[in-house]
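Colleague: Input: one structure, supplied below.
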Amino acid sequence: SQQGEEDPQALSIQEGENATMNCSYKTSINNLQWYRQNSGRGLVHLILIRSNEREKHSGRLRVTLDTSKKSSSLLITASRAADTASYFCATDRVGTYKYIFGTGTRLKVLA
Amino acid sequence: GAVVSQHPSRVICKSGTSVKIECRSLDFQATTMFWYRQFPKQSLMLMATSNEGSKATYEQGVEKDKFLINHASLTLSTLTVTSAHPEDSSFYICSATGTSGSRGQFFGPGTRLTVL
């Protein structure tokens, strides 16, 4: 399977704590994106990081990319109950615009 | 940001019928559109890639005669689930990318298909 993997599969934390999710992929990529999905809903785009970038920030989100290890991490700082959702990484292989999704991390933030 | 819409958002049909799902890019020209399927509590699985004016490219294991894709214009792609069965019940999501592709993909809100 070309699908990337994310860990942990599920994560439960207290409000105010930080949440870290990791994504590993298999091929050389152009870009990696992180998405959030609330139960039964569509995808919400969080961050796009290009293959020549190593770190990117957006509000409480911090994404890192290590192309040598083919891995990325998403850090959510000072989590809130509203951050409860599934988080997916998606990568596009060099030479294509086709995005392949990771297996996802289900985050639960307890109030 | 770019907007992609899907219609319908939800559809319930009887087994054996065909269902058409539309995916539209509202404010940009989508040279390439993608169709994904997502089963409950699972990730999105890419079904096919469609380029305007040419035949869709299907991922391994996806039946092209079962899932008909048409990308007749730069703003519209359709997915038709033919002779739907209960196992086809799923969340179908489309995405679109513009001429450069470097902006990433823009996803539609999804269509929930329930086959009785």
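The values are calculated or read from the model by the stated rules, or taken from the named source; none is laboratory data. Quantities reported herein were computed from a predicted structural model and do not represent experimental measurements. All Cβ positions, glycine included, derive from the backbone under ideal geometry; neighbour counts span all protein chains shown. The accessibility values were calculated without ligands, DNA or RNA, using every heavy atom of the protein model including side chains. Shrake-Rupley method; radii C 1.70, N 1.55, O 1.52, S 1.80 Å.
Colleague: Which residues, taken from region B:10-59, are loosely packed, with under 14 Cβ neighbours inside 10 Å, at pLDDT 95 or above and under 17 Å from A:Arg41 (Cβ atoms)?
Modeller: The one that is loosely packed, with under 14 Cβ neighbours inside 10 Å, at pLDDT 95 or above and under 17 Å from A:Arg41 (Cβ atoms): B:Arg10.
Colleague: Any idea how many residues of region A:63-111 are modelled with pLDDT under 95, within 11 Å of the chain's Cα centre (by Cα) and among the polar types (S, T, N, Q)?
Modeller: Result for region A:63-111: 2.
Colleague: How about region B:12-116: which strands (runs of 3 or more DSSP E) wholly inside it have at least 1 residues that are touching a helix residue (DSSP H, G or I) at 6+ places or on another chain (Cβ under 8 Å), of a type in the set (A, V, I, L, M) and under 24 Å from A:Cys89 (Cβ atoms)?
Modeller: It comes to none.
Colleague: On the basis of being assigned to a strand (DSSP E or B), free of Cβ contacts under 8 Å to residues at least 40 places away in the same chain and within 14 Å of another protein chain (Cβ to nearest Cβ), does A:Ile49 make the cut?
Modeller: Against the criterion (assigned to a strand (DSSP E or B), free of Cβ contacts under 8 Å to residues at least 40 places away in the same chain and within 14 Å of another protein chain (Cβ to nearest Cβ)), A:Ile49 qualifies.
Colleague: For region A:73-111, give me the residue count where each residue is in a loop (DSSP other than H, G, I, E, B) and under 14 Å from A:Asn18 (Cα atoms).
Modeller: Residues that pass the stated criteria total 6.
Colleague: Do you know which residues across region B:78-99 are more than 21 Å from B:Cys13 (Cα to Cα) and open to solvent by less than 40 Å² (accessible area, probe 1.4 Å)?
Modeller: B:Ser95, B:Ala96, B:Thr97, B:Gly98
Colleague: Can you go through B:Ile21, B:Ile12 and tell me which one is in contact (Cβ under 8 Å) with a residue 40 or more places away in the chain and touching a Pro at 6+ places or on another chain (Cβ under 8 Å)?
Modeller: Only one candidate qualifies: B:Ile21.
Colleague: Can I ask one more? Quick one: is A:Arg36 touching a residue at least 12 places away in the same chain (Cβ under 8 Å) and either over 30 Å from B:Val62 (Cβ atoms) or not in a strand (DSSP E or B) (or both)?
Modeller: It is false that A:Arg36 is touching a residue at least 12 places away in the same chain (Cβ under 8 Å) and either over 30 Å from B:Val62 (Cβ atoms) or not in a strand (DSSP E or B) (or both).
Colleague: What single numbered condition from (1) part of a strand (DSSP E or B); (2) more than 19 Å from B:Gln105 (Cα to Cα); (3) basic (Lys, Arg) fails to hold for A:Lys26?
Modeller: (1)
Colleague: Looking at region A:35-45, which of its residues are at pLDDT below 95 and more than 10 Å from chain B (Cβ to nearest Cβ)?
Modeller: A:Asn38
Colleague: Within region B:56-75, is there a residue that is facing chain A (nearest Cβ under 10 Å), under 15 Å from the mean Cα position of the chain (by Cα) and touching a residue at least 24 places away in the same chain (Cβ under 8 Å)?
Modeller: Looking through region B:56-75, none of the residues is facing chain A (nearest Cβ under 10 Å), under 15 Å from the mean Cα position of the chain (by Cα) and touching a residue at least 24 places away in the same chain (Cβ under 8 Å).
Colleague: On to the next question. Enumerate the pairs (first residue in region A:84-100 and closer than 30 Å to A:Gln14 by Cα and buried (at least 21 other Cβ atoms within 10 Å of the Cβ); second residue anywhere and at pLDDT below 85 and not basic (Lys, Arg)) with beta-carbon separation below 7 Å, excluding pairs fewer than 6 apart on the same chain, so at least 6 apart or on different chains.
Modeller: A:Cys89/A:Gly4; A:Thr91/A:Gly4
Colleague: Only one of these conditions is not met by A:Leu65: (1) surrounded by fewer than 15 Cβ atoms within 10 Å (Cβ to Cβ); (2) of a type outside the set (Gly, Ala, Ser); (3) more than 9 Å from every other protein chain (Cβ to nearest Cβ). Which number is it?
Modeller: (1)
Colleague: Looking at (1) assigned to a strand (DSSP E or B); (2) among the basic types (Lys, Arg); (3) away from chain B (no Cβ under 14 Å), can you tell me which one A:Lys56 breaks?
Modeller: (3) is the only condition that A:Lys56 fails.
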